[in-house]
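Trainee: Just passing along the structure, written as structure tokens.
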Amino acid sequence: MRRSLALLPFMLAACGPPGGAGGGAPSGPPPGASLEERARAVHRAAIVVDGHNDITLAIVDQGFDLGRDGTRGRTRTHTDLRRLKAGGLGAVFFAIYVDGRFTPRTPGARSHAYERARAMIAAVQAQTRAHPRSLALATTAADVARLRRSGKVAVLLGLEGGLPIENSLEKLRAFHALGVRYMTLTHWSTTEWADSSGDLEDPAVKHHDGLTDFGREIVREMNRLGMLVDVSHVADRTFFDVLATSRAPVIASHSSVRALADHPRNLTDEMLRALARNGGVAMINFFDGFIDRRKAEVVKHTAERRKQLQALYPKDAARVNREIEAWWASHGFPRTPLATLVDHLEHAVRVAGVDHVGLGSDFDGVPHDMVPEGLDDVAGFPAITLELLRRGHSPEGITKILGGNLLRVLAAAERLAAHPPTPK
């Protein structure tokens, strides 16, 4: 069993191209093929997994349908069915993100985070029913491989932030029963049981120096269920508390490298090495504010700027977003090149090893043009494969980065849940 898990990325890569019958890898490029032809062959053979996509917000709040062209009309998106196919995506984790409107801080006020998250899950399920030839829900690594053989994109669910469980293990279990396969423990705000990286400098927020005892209980319950623990957004101390608690491999679903762009949302080299020892995966975020060193310095101050604008326009979230985008544009930054993103991937590979790196785009969770050139939307994923191959990475290593590593970790979590270790 241990040997078969180690081979899983290569087994999955041999499932055949989308729409094919499976039963073997697609034929490779002919002898003497160009770099571009070889890159296309590598990309088609892999199961490409995006660890974090926020298109769910547009689906729920703006009525966006994935069958529409997201490059036109009132709602512009990074994601739609046509571009998912063009990008060769085999699986996407749709983020179930609940913002602060549904989690009031006023003592005694009722939270609506749980209901909001369930409504978002229902909206994703409705999309799979509306487009059954293109999409299907998946909850296991085997589901992803099966759907890949049938030419469908596997839709997985990731709960972004722990507020929707409303401090309840019962609600955590309910989300797992609904198909959620990872939970990011925090978003930008600290919960009652885990510190976030987003508000550590706010003296008005009560912090815990990492995880509380209940936070550790949540991690253990996620291990028992087979739900991946996601450490993107958490404070550094929370990160290390999670790794000390979890028996299963852990993921960072959309976090980049702090050595190249100094932002607390990114992972230090120490964290990358710890994640590798844990067997987990760091899935690199595409947002240029986390990968471009100059822009990361400005992004550090965005939360403060947003608070000021929210005080000015408390009932106009759209106005706040427009003002933030205008403020950002006033800095006159040029587009970040694709090479900068691949630098983050390469750094993570050097520090953690090629078995512990993946992709977590954050598409549709960041401003439309704040992604690298050549990666304007989900159709751009093949550009990553081409650049990695150009830099001398092996097809086997690229296949792991594109999705094999994440599927290995998902299978490992499933295995642990099915066969928990005997207590000593």
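Trainee: Which condition number in (1) assigned to a helix (DSSP H, G or I); (2) more than 18 Å from R277 (Cβ to Cβ) is the one that G365 fails?
Mentor: (1)
Trainee: Follow-up. Quick one: how many residues across the range 280-316 are within 22 Å of A379 (Cβ to Cβ) and of a type in the set (D, E, K, R)?
Mentor: The total comes to 2.
Trainee: Going through the range 146-164 one residue at a time, which ones are surrounded by fewer than 23 Cβ atoms within 10 Å (Cβ to Cβ) and either aliphatic (A, V, I, L, M) or assigned to a helix (DSSP H, G or I) (or both)?
Mentor: Selection gives R146, L147, R149.
Trainee: Under 6 Å by Cβ, and 6 or more places apart or on different chains, what pairs join a residue from the range 123-148 that is over 14 Å from L84 (Cβ atoms) with one that is in a helix (DSSP H, G or I) and among the small types (G, A, S)?
Mentor: That search, which allows pairs on different chains as well, returns A141/A411.
Trainee: Mind listing just one residue for me: the one in the range 320-332 that is part of a helix (DSSP H, G or I) and not aromatic (F, W, Y) and, of those, surrounded by the fewest Cβ atoms within 10 Å (Cβ to Cβ)?
Mentor: A326
Trainee: While we're looking at this one, here's another question. Given the structure, is A91 in contact with a Pro (Cβ under 9 Å, 6 or more places away or on another chain) and in the same structural domain as T140 (by TED's automatic domain parsing)? Spell out the reasoning first.
Mentor: Values: in contact with a Pro (Cβ under 9 Å, 6 or more places away or on another chain): no; in the same structural domain as T140 (by TED's automatic domain parsing): yes.
Against the criterion (in contact with a Pro (Cβ under 9 Å, 6 or more places away or on another chain) and in the same structural domain as T140 (by TED's automatic domain parsing)), A91 does not qualify.
Trainee: Sticking with this one: Within the range 182-199, is even one residue assigned to a helix (DSSP H, G or I) and within 27 Å of A418 (Cβ to Cβ)?
Mentor: no
Trainee: Is at least one residue of the range 291-308 closer than 30 Å to F175 by Cα, modelled with pLDDT of 95 or more and crowded, with 16+ Cβ neighbours inside 10 Å?
Mentor: For the range 291-308, residues closer than 30 Å to F175 by Cα, modelled with pLDDT of 95 or more and crowded, with 16+ Cβ neighbours inside 10 Å: absent.
Trainee: Residue under question is A317, and the condition is that it be at pLDDT 95 or above, farther than 23 Å from A91 by Cα and either of a type in the set (A, V, I, L, M) or surrounded by fewer than 18 Cβ atoms within 10 Å (Cβ to Cβ) (or both); does it hold?
Mentor: When the stated conditions are applied, A317 does not pass them.
Trainee: Restricting attention to the range 353-370, does a residue exist that is in the same structural domain as V60 (by TED's automatic domain parsing), buried (at least 24 other Cβ atoms within 10 Å of the Cβ), under 17 Å from the mean Cα position of the chain (by Cα) and over 15 Å from H52 (Cα atoms)?
Mentor: Scanning the range 353-370 turns up at least one residue that is in the same structural domain as V60 (by TED's automatic domain parsing), buried (at least 24 other Cβ atoms within 10 Å of the Cβ), under 17 Å from the mean Cα position of the chain (by Cα) and over 15 Å from H52 (Cα atoms).
Trainee: Then there's this: Based on what the data block shows, is D262 farther than 26 Å from G392 by Cα and not in a helix (DSSP H, G or I)? Talk me through it step by step, then tell me what you get.
Mentor: Working: farther than 26 Å from G392 by Cα: yes; not in a helix (DSSP H, G or I): yes.
Yes, satisfied.
Trainee: In the range 83-98, which residues are touching a helix residue (DSSP H, G or I) at 6+ places or on another chain (Cβ under 8 Å) and surrounded by fewer than 18 Cβ atoms within 10 Å (Cβ to Cβ)? It would help to see each step written out before you state the result.
Mentor: Just the residues of the range 83-98 that are touching a helix residue (DSSP H, G or I) at 6+ places or on another chain (Cβ under 8 Å), to begin with: 83-84, 86-92, 94-98.
Across the range 83-98, the qualifying residue is only A86.
Trainee: Among the residues of the range 269-299, what is the count of those that are under 18 Å from the mean Cα position of the chain (by Cα) and either part of a loop (DSSP other than H, G, I, E, B) or on the phi > 0 side of the Ramachandran plot (or both)? Lay out the reasoning, then the answer.
Mentor: Pass one, the range 269-299, residues under 18 Å from the mean Cα position of the chain (by Cα): 271-272, 275-276, 279-291.
With the extra rule that they be either part of a loop (DSSP other than H, G, I, E, B) or on the phi > 0 side of the Ramachandran plot (or both), the set shrinks to 279-280, 285-287.
The number of residues fulfilling the criteria is 5.
Trainee: Residue check, D355 against (1) without any contact (Cβ under 8 Å) to a residue 24 or more places away in the chain; (2) over 24 Å from D202 (Cβ atoms), all met but one. Which one?
Mentor: In the conditions (1) without any contact (Cβ under 8 Å) to a residue 24 or more places away in the chain; (2) over 24 Å from D202 (Cβ atoms), D355 misses (1) alone.
Trainee: Restricting to the range 388-417, name every residue that is surrounded by fewer than 16 Cβ atoms within 10 Å (Cβ to Cβ) and either under 18 Å from L338 (Cβ atoms) or not assigned by TED's automatic domain parsing to the domain that holds Y182 (or both).
Mentor: Result: R390, R391, G392.
Conditions tested, residue by residue: (1) in contact with a His (Cβ under 6 Å, 6 or more places away or on another chain); (2) under 21 Å from M227 (Cβ atoms); (3) at pLDDT below 95.
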position	(1), (2), (3)
L84	no, no, no
R105	no, no, yes
T128	no, yes, no
A138	no, yes, no
L157	no, yes, no
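Trainee: Something else: Looking at (1) closer than 24 Å to T184 by Cα; (2) surrounded by fewer than 15 Cβ atoms within 10 Å (Cβ to Cβ); (3) not small (G, A, S), which is the one condition that is false for L345?
Mentor: (2)
Trainee: Take D343 and decide whether it is under 20 Å from the mean Cα position of the chain (by Cα) and assigned to a loop (DSSP other than H, G, I, E, B).
Mentor: no
Trainee: Give the residues of the range 37-70 that are exposed (fewer than 15 other Cβ atoms within 10 Å of the Cβ) and either out of contact with any Leu (no Cβ under 8 Å at 6 or more places or on another chain) or not assigned by TED's automatic domain parsing to the domain that holds D143 (or both), sorted by residue number.
Mentor: E37, D61, Q62, G63, D69
The values are calculated or read from the model by the stated rules, or taken from the named source; none is laboratory data. Keep in mind that what you see is a predicted model, and the values were worked out from it rather than measured. Please note: Cβ atoms are built from the backbone with ideal geometry, for glycine as well, and neighbour counts cover all protein chains shown.
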